[in-house]
Amino acid sequence: MSDTDLARVLDGARVMPVLTVPSAATAGPLADALVAGGARCAEITFRTPDAEQVLKTMATHGGLTVGAGTVLTPEQVDRAVTAGARFVVSPGFDEEVVAKCRELSVPVVPGIASATELMRALRVGLDSVKLFPAEPLGGIPMLRALAAPFPQARFVPTGGIDAARLPAYLADPAVLAVGGSWMATPAHLERGQYGEIRRLTAEAVHGGAT
Ligand code: 3PG
């Protein structure tokens, strides 16, 4: 398991919409809009009561490789995997979460914000981590500086990234994929702006073409 497997699960997908979905009723049209925009993966955060149902709906949609985000406990790992999560993302590095993911053979992407945290992740055999929160930490210069002593590490920077900042992250050789919520926000969902979700997703994935 570990990150070779994450890369395999992502299968070349490099733009990861991070979704906080208040109502499971929007999961179907949301998945349709993301796929129409060219997304091939998505992270559903465990920040809403409907998150598990959203995960189930989007995991069975067919067009997306769906993972769980904001996973903080081993119990949430169980629930996420039962709901169909193909990978697990956490804002920080928690050994129990990592151990549970290994037990269930699901790739895990722990968040790290320092060289010390990255060394802990590498020591337990992971090679892909979420750099979080990427922009407040210093963005690309921070990523470059952190990557230099750890050539084996691959990063999924997330946090504060938008369409304007995306290309520089994608161009970085240490970046496996880039996550962000700007393509589909709770406000978009509340207003039913699926066309806008599709447009923003296409802009991110293809530079605008659908
Ligand atoms: C996350 O959970 O990874 C972040 O909240 C996403 O960050 P963003 O909302 O700044 O894109």
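The values are calculated or read from the model by the stated rules, or taken from the named source; none is laboratory data. What you see is a predicted model; the values in this text were computed from it and never measured. Here Cβ is always computed from backbone atoms with ideal geometry, including for glycine, and neighbour counts include all displayed protein chains. Note: areas computed on protein heavy atoms with side chains; ligands, DNA, RNA excluded. Shrake-Rupley method; radii C 1.70, N 1.55, O 1.52, S 1.80 Å.
Could you run through the stretch 74-84 and say how many residues are more than 21 Å from PRO133 (Cβ to Cβ), open to solvent by 10 Å² or more (accessible area, probe 1.4 Å) and either in a loop (DSSP other than H, G, I, E, B) or of a type in the set (S, T, N, Q) (or both)?
The total comes to 2.
Do we have ARG154 as more than 16 Å from the ligand (Cβ to nearest atom) and under 14 Å from the mean Cα position of the chain (by Cα) here? It is true that ARG154 is more than 16 Å from the ligand (Cβ to nearest atom) and under 14 Å from the mean Cα position of the chain (by Cα).
In the stretch 21-63, the qualifying residues are those that are at pLDDT below 95 and within 20 Å of ALA177 (Cβ to Cβ), and the one that is least open to solvent (accessible area, probe 1.4 Å) is GLY63.
Between LEU176, LEU200, the distinction of being within 16 Å of ALA33 (Cβ to Cβ), open to solvent by 10 Å² or more (accessible area, probe 1.4 Å) and in contact with a Phe, Trp or Tyr (Cβ under 7 Å, 6 or more places away or on another chain) belongs to LEU200 only.
Can you tell which of ASP94, ASP127 is open to solvent by 30 Å² or more (accessible area, probe 1.4 Å) and more than 16 Å from the ligand (Cβ to nearest atom)?
ASP127
Report yes if VAL71 is without any contact (Cβ under 8 Å) to a residue 40 or more places away in the chain, crowded, with 24+ Cβ neighbours inside 10 Å, in a loop (DSSP other than H, G, I, E, B) and within 17 Å of the chain's Cα centre (by Cα), otherwise no. Yes.
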